[in-house]
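K.L.:
The structure's right below; bear with me while I get my questions together.
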Amino acid sequence: MNYTQNEKIKQVDEKTLVVGVDIAKKTHYARTFDNRGIEYGKVIKFKSNRDGFEDFKKQIKEIAKKEGKEKIIIGIEPTGHYWCILQVKNKPNYN
């Protein structure tokens, strides 16, 4: 994906939940925001394993539903190689 800065910005609108993830070796942390930077809820803490990822996915879907968001964009800080576990090989399915 070779987006210009403006194309990236246009992806985020009032129906978008923005999730920022801080990657670590064993435990990751995430925060959720709207398109204006207003934060929703508390920090989300999840383990670096399948169960942790599934819990993270469940939590952000619940927040999106509660806040009336139709899209989710996740931003990951690619620290070292620890972010690799969160790679999406195919188009994501948030259903």
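K.L.:
So which pairs qualify, if the first residue must be in segment 27-43 and closer than 15 Å to Q11 by Cβ, the second must be part of a strand (DSSP E or B), the Cβ gap must be under 6 Å, and the two must be at least 6 apart or on different chains?
P.N.:
Pairs found: F33/V18; F33/E39; N35/T16.
K.L.:
While we're looking at this one, here's another question. Being in a strand (DSSP E or B), modelled with pLDDT of 90 or more and touching a His at 6+ places or on another chain (Cβ under 7 Å): is that true of V43 here?
P.N.:
Considered against the rule, which asks whether it is in a strand (DSSP E or B), modelled with pLDDT of 90 or more and touching a His at 6+ places or on another chain (Cβ under 7 Å), V43 comes out as no.
K.L.:
Among the residues in segment 57-75, are any surrounded by 13 or more Cβ atoms within 10 Å (Cβ to Cβ), at pLDDT below 95, over 22 Å from E14 (Cβ atoms) and aliphatic (A, V, I, L, M)?
P.N.:
No - not one qualifying residue is present in segment 57-75.
K.L.:
Let me ask another. Please work out which one of (1) at positive phi; (2) surrounded by 11 or more Cβ atoms within 10 Å (Cβ to Cβ); (3) part of a loop (DSSP other than H, G, I, E, B); (4) not charged (D, E, K, R) is the condition G37 fails and give its number.
P.N.:
Tallying (1) at positive phi; (2) surrounded by 11 or more Cβ atoms within 10 Å (Cβ to Cβ); (3) part of a loop (DSSP other than H, G, I, E, B); (4) not charged (D, E, K, R), G37 fails exactly one: (2).
K.L.:
Are there any pairs with C-beta distances below 7 angstrom linking a residue in segment 59-78 that is in contact (Cβ under 8 Å) with a residue 40 or more places away in the chain and under 11 Å from G20 (Cα atoms) to a residue that is among the polar types (S, T, N, Q) and exposed (fewer than 15 other Cβ atoms within 10 Å of the Cβ), with the two at least 6 apart or on different chains, and if so which?
P.N.:
I73/Q11
K.L.:
Further question on the same structure: So which residues in segment 1-32 are closer than 16 Å to E77 by Cα and not hydroxyl-bearing (S, T, Y), if there are any at all?
P.N.:
V18, V19, G20, V21, D22, I23, A24, K25, K26, H28, A30, R31
K.L.:
So in segment 1-34, with the set limited to residues that are touching a Ser or Thr at 6+ places or on another chain (Cβ under 8 Å) and surrounded by fewer than 12 Cβ atoms within 10 Å (Cβ to Cβ), which one is modelled with the highest pLDDT?
P.N.:
Here the answer is K26.
K.L.:
Continuing with the same structure: Return the residues of segment 3-23 that are hydrophobic (A, V, I, L, M, F, W, C) and touching a strand residue (DSSP E or B) at 6+ places or on another chain (Cβ under 8 Å); say none if nothing qualifies.
P.N.:
V12, L17, V18, V19, V21, I23
The values are calculated or read from the model by the stated rules, or taken from the named source; none is laboratory data. Fair warning: this is a prediction, and the values are worked out from it, not measured in the lab. FYI the Cβ positions are ideal-geometry reconstructions off the backbone, even for glycines, and counts take in every protein chain you see.
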